[in-house]
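So the structure is just underneath, and the comments pick up after that.
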Amino acid sequence: MVPDADRSIVHEPTDPSAVRCPGQRGLWWRGWKVGAAAALAAVVLGAGGAAALLAAGGGDRAGSGGGPGGALGEGGGGAGGRPGLGGGRPGAASALAAPAGPVVNGRRQPARVPVPESAGGRYERVPGTAVPARASGGTLLRYTVEVERGLPVAGGGFAAEVHRVLNDPRGWGRGGVLRFQRVDRGPVRFRVALSSPALTDRMCAPLVTGGELSCSSGGRSVINARRYGEGAVTYGGDLASYREYVINHEVGHALGHGHQRCPGAGVRAPVMVQQTKSLGGCRPNPWPFPRD
Ligand SMILES: [Zn+2]
């Protein structure tokens, strides 16, 4: 397993006692606290339990077809809305899903979502299916989306964002070479699981995610809801792009991709750079195959 929490280790189990660069990590931490405070001041949400949907049971019940199994990590995940397709409070879900932030980098940003340290501790699979736009061609990969119960996030909205990102021409599908189909039953290649900081730490162990980072482990891309909800210092106010990044990065691990380094100052960062932690002199980039 490899956490994005420890930049000293990429594809091997992390010894929690071996975390390096504590000073650098401390700076990173303080940056997050500032961002979190701003988010808390700007957003009012109704926290509460996720609506009952198809219960996924424990964290490992979703059928896995057995994708690459190592654990790797990076910045977190989170989304806005509650497991939406099967019920819940429509008003709260739509409010969370509505873009409400400022325009940054030419994009209207979603509202930042404060995420509690812990939630229900169990995943619920988002019900329903979603097929890629292209009807044929390419290799079809099935995946499922899980959202921890009790997060202030709409599962339907999160699943829709994951599906859009995966099938974007700039994404791992590369315009149809791979096609991603979301399902709620049967074998899957990987799972994308939105998780509170506490559950992220548990699912990523022994990787050190410290309640702040995300990881990929055993075919499950564990997206830290706090990062998804609040963004990352390295992306500034561009929460929309950060969300795309964290989905692409963690699913990249599930597809077998390891970490990369920034190739040079001012260059667009490869998506497998641990961009939540540092850009290494590169420019932020959320996509595996960005357009020129
Ligand atoms: Zn990573």
Assuming Y228 fulfils every condition listed in (1) within 13 Å of the ligand (Cβ to nearest atom); (2) closer than 16 Å to V165 by Cβ apart from one, which condition is it? (1)
In the set P206, P286, P197, which member is closer than 24 Å to L141 by Cβ and at pLDDT 95 or above? P286
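Checking the condition in contact with a strand residue (DSSP E or B) (Cβ under 7 Å, 6 or more places away or on another chain) and more than 23 Å from E148 (Cβ to Cβ), which residue from P197, P270, P290 passes?
Details: P197 fails: more than 23 Å from E148 (Cβ to Cβ); P270 fails: in contact with a strand residue (DSSP E or B) (Cβ under 7 Å, 6 or more places away or on another chain).
Within the list P197, P270, P290, the selection yields P290.
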Looking at D184 and the list (1) charged (D, E, K, R); (2) surrounded by fewer than 23 Cβ atoms within 10 Å (Cβ to Cβ); (3) in contact with a Pro (Cβ under 6 Å, 6 or more places away or on another chain); (4) under 22 Å from P116 (Cα atoms), which single condition is not satisfied? (4)
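Kindly establish whether D292 is buried (at least 20 other Cβ atoms within 10 Å of the Cβ), over 11 Å from the mean Cα position of the chain (by Cα) and acidic (D, E). Walk me through how you get there before you give the answer.
Values: buried (at least 20 other Cβ atoms within 10 Å of the Cβ): no; over 11 Å from the mean Cα position of the chain (by Cα): yes; acidic (D, E): yes.
Judged against the criteria, D292 is not a match.
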For G80, all conditions in the list (1) in a loop (DSSP other than H, G, I, E, B); (2) among the small types (G, A, S); (3) in contact with a strand residue (DSSP E or B) (Cβ under 8 Å, 6 or more places away or on another chain); (4) at pLDDT 95 or above hold save one; what is the number of the exception? (4)
In region 255-272, anything of a type outside the set (G, A, S) and in a loop (DSSP other than H, G, I, E, B) is listed as L255, H257, H259, Q260, R261, C262, P263, V267, P270, V271, M272
Failed condition for G175, given (1) within 16 Å of the ligand (Cβ to nearest atom); (2) at pLDDT below 95, with all others met? (1)
Condition first: within 16 Å of H163 (Cα to Cα), away from the ligand (no atom under 12 Å from the Cβ) and of a type in the set (G, A, S). Now tell me which residues in region 233-292 satisfy that. A240, S241
Select from region 124-144 the residues that are assigned to a loop (DSSP other than H, G, I, E, B) and buried (at least 24 other Cβ atoms within 10 Å of the Cβ) and list them in ascending order. V126
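The values are calculated or read from the model by the stated rules, or taken from the named source; none is laboratory data. For clarity, every value in this text was computed on a predicted model and none was experimentally measured. Methodologically, a virtual Cβ is constructed for each residue, glycine included, from the backbone with ideal geometry; neighbour enumeration extends over all protein chains shown.
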